[in-house]
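The values are calculated or read from the model by the stated rules, or taken from the named source; none is laboratory data. Note that the coordinates shown come from a computational prediction; the quantities given were computed from them, not determined experimentally. Cβ placement follows ideal geometry from the backbone for every residue including glycine, while neighbour counts extend to all protein chains displayed.
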Amino acid sequence: MHSFSGITSSTPKSASANRRRTSEAGTEQAYRRRAHHVASNRRGALLSRRVPIDRTAGQEYSDRVAAPVAATVAATAAAPVAPPRRTTGGRDTQHATVTSSAVQPGRPPLRGTVVLDVTRVLAGPYATMVLADLGAEVIKIEHPGRGDDSRGYGPFNEGSSAYYASLNRGKKSVTLDLKSDAGREAFLRLAEQADVLVENFRPGVMAGLGLGWDEIHARNPGLVYASCSGFGQTGPYADRPAYDIVAQAMGGLMAVTGEEHGGPVRVGISMGDLSAALFLVTGVLAALLERESTGLGTRVDVAMLDSVVALLENAIVRNDLDDISPGRLGTRHPAITPFQAFATSDGHIVVAAGNDGLWKRLCRALDSEALVNDARFATNSDRTSNHEALEVMLSPIFASRTTEEWLAALQHSEVPCGPVNGIDNVVDDPQVAAREMLMRVTDGDGRAFRVAGSPLKLSTGGVEPRTWVATLGEHTEELLRERLDMDHESIEALCRQAVI
């Protein structure tokens, strides 16, 4: 079984001895050398392109350890050797060319990566689900007896939470009471074998359990420790609790969402959670890539509030340059016109005339070429300044025909447009089906239902979302036995103590 330590779970005592010797060395340089050696066991010939930060120590390490290990790996490993370096403009660079033997079609990019998932509800579980889709082995740690809070969220399929299933497919479930000494020790031993740890508790909770960044990094210097919280690990709000609606409200998203003269509107999906989840995945992947050079793990800190602010698009610069606080515009865009929804005779259609050329095409498709010569609408800036007058002229035109009729006319003229679909339309859309964006998952009791698939499509394949959902604690005994070498009696004792 693969683990970050490069030692299979069948030899935990040797792995523990190695870790103790490293810890006793007590220096960051010792950690660095151990991490490099660990990485060499996992990635073979990639060792040849690792460059320690400390150049002097790095050269000594390369001469004494890396070169012999690389030679051994090159002679025995099936993985291809990294290509040689070349010098360009006085700078040491790496050839980007990959030989065909190095390409493994269908191989998940994160296969062999172990993710310890200590997250609940949405932001964290969504992030680790994306990592699972990319091939990572995700071990979800849940509280004995109740599990992730979202196991209690509807809708339910014969008592099983479809909400939970939609965010946790393809993950192994292990129950551990992290407040108990035995549960904490088991978790630390699992962390020693992991590549990534993801948690979304309030700042300080994990450290209070003895499972914070400092404690984990000391035991596994190569582990990427990713934290997602409402307000981040620093700042005056760090200790505050938060849910998605708090991040949307405080991040300004609700101030720019809704009808112009209406009140605050929450975006229909949890953008605070989901944006943070995707930034968290980005941070984890960047940290794993950095580890290829340093051998060391990184602390990734993502906040929901930060993530919402990062997605405000041009609202901040408009506030800064125009000295206004951008407000709600309905479906309209603040800088592009027409770029909004219009009512048709039987529904709604959205039109996006993103430049003057598209505006002219739109006018021709609407059989309203006179609008092209109207000075009020000559340029995009003119149209935006006079958007109210333009909307008055366009609305009755769109209302005169059905959505399908307008879609046919506008698509023929290559004007970006689309219907305003309900979810029932989305799940029946042929494009959605062609892109495999719906998948059927099965929970531990054999109940099946549809969820969203992965939007990631790689030319080599390898992104294959798993279709099973674990029951609470389904993999506890298996992983304690295989990864921690615990026997049946020891596991039974933990069960009697309510640790698992």
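Give the residue, chosen from 460, 476, 471, that is assigned by TED's automatic domain parsing to the domain that holds residue 180, of a type outside the set (Gly, Ala, Ser), under 28 Å from the mean Cα position of the chain (by Cα) and more than 30 Å from residue 191 (Cβ to Cβ).
That would be 460, the only listed residue that is assigned by TED's automatic domain parsing to the domain that holds residue 180, of a type outside the set (Gly, Ala, Ser), under 28 Å from the mean Cα position of the chain (by Cα) and more than 30 Å from residue 191 (Cβ to Cβ).
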Restricting region 314-340 to residues that are over 13 Å from residue 257 (Cα atoms) and among the charged types (D, E, K, R), the one modelled with the lowest pLDDT turns out to be 323
Just one of (1) at pLDDT below 95; (2) of a type outside the set (Ser, Thr, Tyr); (3) under 19 Å from the mean Cα position of the chain (by Cα) trips up residue 92, so point out which.
(3)
Residue set 451, 499; condition touching a strand residue (DSSP E or B) at 6+ places or on another chain (Cβ under 6 Å) and in contact (Cβ under 8 Å) with a residue 24 or more places away in the chain; output residue 451
Among residues belonging to region 222-241 that are in a loop (DSSP other than H, G, I, E, B), of a type in the set (A, V, I, L, M, F, W, C) and within 19 Å of the chain's Cα centre (by Cα), point out the one that is surrounded by the fewest Cβ atoms within 10 Å (Cβ to Cβ).
231
Of the residues 296, 285, which is touching a residue at least 24 places away in the same chain (Cβ under 8 Å) and assigned by TED's automatic domain parsing to the domain that holds residue 123?
296
Within region 364-391, the residues that are not in a helix (DSSP H, G or I) and not hydrophobic (A, V, I, L, M, F, W, C) are 367, 368, 374, 379, 386
A careful count of residues in region 318-361 that are free of Cβ contacts under 8 Å to residues at least 40 places away in the same chain and among the aromatic types (Phe, Trp, Tyr) gives 2
Residues (in contact with a His (Cβ under 6 Å, 6 or more places away or on another chain) and either part of a strand (DSSP E or B) or surrounded by fewer than 14 Cβ atoms within 10 Å (Cβ to Cβ) (or both)) located in region 333-363:
339, 341
Let me confirm something: among 390, 394, 410, 366, which residue is surrounded by 18 or more Cβ atoms within 10 Å (Cβ to Cβ), at pLDDT 95 or above and either within 38 Å of the chain's Cα centre (by Cα) or of a type in the set (Asp, Glu) (or both)?
410
Residue 235 is checked against (1) out of contact with any Lys or Arg (no Cβ under 9 Å at 6 or more places or on another chain); (2) at negative phi and fails just one. What number does that condition carry?
(2)
Could you check how many residues of region 176-195 are free of Cβ contacts under 8 Å to residues at least 24 places away in the same chain and more than 20 Å from residue 482 (Cβ to Cβ)?
1
Report, by residue number, each residue of region 247-271 that is closer than 25 Å to residue 125 by Cα, part of a helix (DSSP H, G or I) and touching a residue at least 40 places away in the same chain (Cβ under 8 Å).
247, 248, 250, 253, 271
Could you pull out the residue among 325, 293, 275 that is over 17 Å from the mean Cα position of the chain (by Cα) and in a helix (DSSP H, G or I)?
293
Please report, ordered by residue number, the strands (runs of 3 or more DSSP E) entirely within region 413-491 with at least 3 residues that are surrounded by 17 or more Cβ atoms within 10 Å (Cβ to Cβ).
none
Could you say which residue among 407, 394 is out of contact with any Leu (no Cβ under 8 Å at 6 or more places or on another chain), part of a helix (DSSP H, G or I), among the aliphatic types (A, V, I, L, M) and within 21 Å of residue 352 (Cα to Cα)?
407
